[in-house]
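What follows is a single structure, written as structure tokens, with notes after it.
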Amino acid sequence: IMVPNELENYSHFFNKKDLAELYGNKVLKKQIMQEAGIRTPRGVFFTNSTNEEIRKFLIESDYDSFVVKPNNEKQSIGVLISDKSKLDSLITYILSLQEKQRKVIVEERVIPLQKPSFLQKDDWNLRVFGSVGKHTEYMGGVTRIKDYDDVSVDFLTATGYYTINQAASKFGFNPESIKEFTKRVGNIVYRYFNKLGKEAIGYFGADIMIDE
């Protein structure tokens, strides 16, 4: 993965055991962000669900397409994007993940911000890094561009990268707002563990999508 050079200046940060609870637990991270008022994609998680239960949800949902994620993987490993036209293969994939994972997340696919002049849609997100502690800091970030369709997605093999400033120019957002948002996320994580009487000192990586 392309890690921003800024991270080299933060080698003194490390992940305490308590903070490590977040890593490999997408459901917990999603719940923490939602409780703090951060928007996340609509979705559910399945645990030991049957073929019929999964099929019912997929058919009755109003999602145009779905993102399927194993709960305890990271770096986009095992992520699948598909839609109702491939219902049977989608259900098969969810069931196969259930055999390996306790929880499988199924979310609405969010199309990121596009400019009207674009000839085709770009799939992209912002990967930002921040510190967690009494004083949170924005540590750096990178924008990842990926073309995919109904395949396992690994953003480590993204087809292109932009710096945050390059992406801001291309897609039309304020880079300073991303830095402030990153700090906000770090503060949310710190306060969450603080309320539990646990120490959260370290750093985090977060994927941010900017929609319409």
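The values are calculated or read from the model by the stated rules, or taken from the named source; none is laboratory data. Bear in mind the structure is a predicted one, so any value in this text is a computation, not a measurement. Neighbour counts are summed over all protein chains in view; Cβ atoms, including those assigned to glycine, are modelled from backbone coordinates with ideal geometry. Side chains are part of the model used for accessible areas, which takes the heavy atoms of the whole protein and leaves out ligands, DNA and RNA. Shrake-Rupley method; radii C 1.70, N 1.55, O 1.52, S 1.80 Å.
Things worth noting here:
- Residue in the range 136-152 that is out of contact with any strand residue (DSSP E or B) (no Cβ under 9 Å at 6 or more places or on another chain) and either at negative phi or at pLDDT below 85 (or both) present: no
- Residue-level check: of (1) modelled with pLDDT of 85 or more; (2) touching a helix residue (DSSP H, G or I) at 6+ places or on another chain (Cβ under 9 Å); (3) within 19 Å of Ala206 (Cα to Cα); (4) surrounded by 17 or more Cβ atoms within 10 Å (Cβ to Cβ), Pro41 misses just (4).
- Verdict on Pro116 being open to solvent by 30 Å² or more (accessible area, probe 1.4 Å) and either modelled with pLDDT under 80 or in a loop (DSSP other than H, G, I, E, B) (or both): yes
- Any hit, the range 71-79, residues being under 28 Å from Gly172 (Cβ atoms), modelled with pLDDT under 90 and in contact with a Ser or Thr (Cβ under 9 Å, 6 or more places away or on another chain): yes
- Scanning the range 170-185 for residues that are over 19 Å from Ala200 (Cβ atoms) and either among the hydroxyl-bearing types (Ser, Thr, Tyr) or open to solvent by 50 Å² or more (accessible area, probe 1.4 Å) (or both) yields a count of 7.
- Residue that is farthest from Thr143 (Cα to Cα) [pool: residues in the range 51-88 that are assigned to a helix (DSSP H, G or I), open to solvent by 30 Å² or more (accessible area, probe 1.4 Å) and in contact (Cβ under 8 Å) with a residue 40 or more places away in the chain]: Asn51
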